[in-house]
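Every number in this text was worked out from the coordinates using simple rules, so none of it is lab data. Only a predicted model underlies this, so the values are computations on that prediction, with no experimental measurement involved. Glycine also receives a Cβ, built like all others from the backbone with ideal geometry; neighbour counts cover every protein chain displayed.
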Amino acid sequence: MPEARAARNRARRSGGGAYAAALVRRVQALILTFVMSLAIDPRSGGLISPAFAGPAAAPTALAVPAPPPPQPVPPAAPASPSATIPGFHGPPPDFGGTSASGPVRAEPAHMPFYVATKGATTIYVLGTLHVGDPYDYPKNQPFRPPILAALAASATLALEISPDDLIQSQDDVARYGVCSYACLPRLLPDALWRRLAQRLRGNPAALDEIKKTRPWLAALLVETYDSIAAGLQTEYGTEAQLQNVYLRTRGKIVGLETLAEQMRAFTNLTLAQQREMLAQDLAQTPAQNMDDVKTLHRLWRVGDADAIAAWASAKSERLARTPDVARTLDNRIVYDRNRRFVARVTAIAAPNRPVFMAIGSLHLGGPKGVLSLLRQRGYTVEAE
């Protein structure tokens with residue numbers, strides 16, 4: 001049917017943008033990349049559900065609030081986060097506007113950016129955010145000069161997942177995250193299902209579709225709704241902007257894990273871990289979750305990976321419903337992947353052939369973060 005073909009084409013085009021459509025994961029853990037590559041159509045704001053009635057059925061449009069259209073560069077900096085947030089030393093610089101001496105030049109986000117060196121081997125490490133705002137990447141200079149210089153010097157750009165793998169493996173989300181019937185109510189305790197149904201009471205189409213998902217995917221979809229409502233846009237994710245710059249002069253982009261490996265971090269979760277994941281997403285109101293997305297965005301703009309990690313860790317402890325289960329969940333979907341990222345980027349790196357590594361900013365800081373793991377391997381790591 002023409003409608004089915006159109007839905008499939010929208011899904012392909014959405015995935016083809018690689019990280020141009022990405023998901024902000026819950027702030028305690030990490031930022032995922034694969035779900036939003038399938039789920040959000042940046043042109044319409046609609047969620048393309050992988051749910052299907054049978055093997056040959058096409059994806060269906062899932063009703064979610066459309067994100068706001070791109071806005072012009074604002075005349076002033078966004079509101080600063082609370083002064084109690086660790087590592088925050090004031091608001092980001094102004095973006096645009098005028099002063100007595102003339103126009104104020106828009107400045108790119110600072111972003112967490114580090115240089116890891118071991119002899120003649122260099123790894124540049126950038127903490128990314130998979131959604132953003134237009135003022136994060138001014139057209140005249142989307143990144144700070146040290147970041148642009150590092151990109152120009154690097155023989156390889158290493159992302160969490162390569163764009164090619166992301167496109168080729170789209171069906172895995174449907175295969176491992178979606179049921180052919182309304183399985184979710186059967187997989188959740190009654191109290192947790194009622195809480196989810198109450199959260200989506202104003203969006204019956206979304207509720208009907210989410211019934212067909214397994215708890216881990218339901219959790220990601222709930223987060224998606226709150227991320228869209230926070231006003232940040234997928235087309236301003238860091239990876240998409242990096243590729244826009246890098247591909248003009250270079251061409252080698254690799255993934256530090258495959259989509260299948262990333263998927264297994266979720267599909268191998270126990271039912272208790274999946275329930276914990278969803279329960280944490282429902283522990284706060286949508287407004288509180290939106291505030292968290294905005295706070296993470298502000299901290300990312302400031303660019304201190306350890307401050308981000310401290311804030312995320314404190315939030316994780318507060319939201320944990322079952323602490324022991326929550327810790328095993330973090331190990332599976334955050335720390336195991338950190339170790340894989342470091343093992344693979346150090347295998348790629350070679351003397352006098354710098355590698356530019358760009359991964360979610362929540363992976364970098366803290367004692368189990370990527371920066372600490374690089375130091376354990378003998379690298380000197382310095383903020384740039």
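Would you list, by chain and number, the lysines whose Cα falls below 19 Å from the Cα of LYS294, excluding same-chain residues fewer than 8 positions away?
Filter leaves LYS315.
If we count other beta carbons within 10 Å of each Cβ, what is the order of LEU187, LEU232, fewest first?
In order of increasing Cβ crowding within 10 Å: LEU187, LEU232.
What ³J(HN,Hα) values, in whole Hz, does the Karplus curve 6.51 cos²θ - 1.76 cosθ + 1.60 give for segment 331-340 when θ = phi - 60°, with x put for Gly and Pro?
With coefficients 6.51, -1.76 and 1.60, one gets 4, 6, 9, 10, 6, 4, 6, 4, 5, 5 Hz.
By how many nm would the segment from THR258 to GLU384 lengthen if fully extended, with 0.36 nm per residue of separation less the alpha-carbon distance?
Fully extending the segment from THR258 to GLU384 adds 42.5 nm.
Considering the Cα trace of segment 298-384, what is its radius of gyration and what is Dmax, both in angstroms?
Both quantities, over Cα of segment 298-384: 14.2, 48 Å.
Evaluate the distance, in nm, between pseudo-label points positioned 7 Å from the Cα of ARG340 and of ARG186 along their respective Cα→Cβ axes.
For ARG340 paired with ARG186, the spin-label model returns 2.9 nm.
Residue by residue, what Karplus-based ³J(HN,Hα) values in Hz, rounded to whole numbers, does segment 223-235 have, using 6.51, -1.76 and 1.60 with θ = phi - 60° and x for Gly and Pro?
3J(HN,Hα) across segment 223-235, in whole Hz: 5, 4, 4, 5, 5, 4, 5, 6, x, 7, 10, 5, 5.
Which of the peptides 301-311, 110-120 is most tightly packed, and how do the rest follow, going by the mean number of other Cβ atoms within 10 Å of each residue?
Averaged packing, sorted descending, gives the order 301-311, 110-120.
May I ask you to list the aspartates and glutamates whose Cα is less than 15 Å away from that of LYS252, ignoring any residue fewer than eight positions away on the same chain?
GLU160, ASP164, ASP165, GLU239
Based on the Cβ-Cβ distance from GLN198 to ASN140, what FRET efficiency comes out when R0 is 35 Å, to the nearest 0.05?
Efficiency, from the Cβ-Cβ distance: 0.15.
As an exercise, take the mean of 1/r over every pair of distinct alpha carbons in segment 150-280, invert it, and state the Kirkwood radius in angstroms.
Roughly 16.9 Å, rounded to one decimal.
Simple spin-label model, 7 Å along Cα-to-Cβ: ALA283 to ASP164 in nm?
4.1
Calculate the length of the line joining the C-alpha centroid of segment 109-173 to that of segment 326-358, in whole Å.
First find each Cα centre; the distance between them is then 14 Å.
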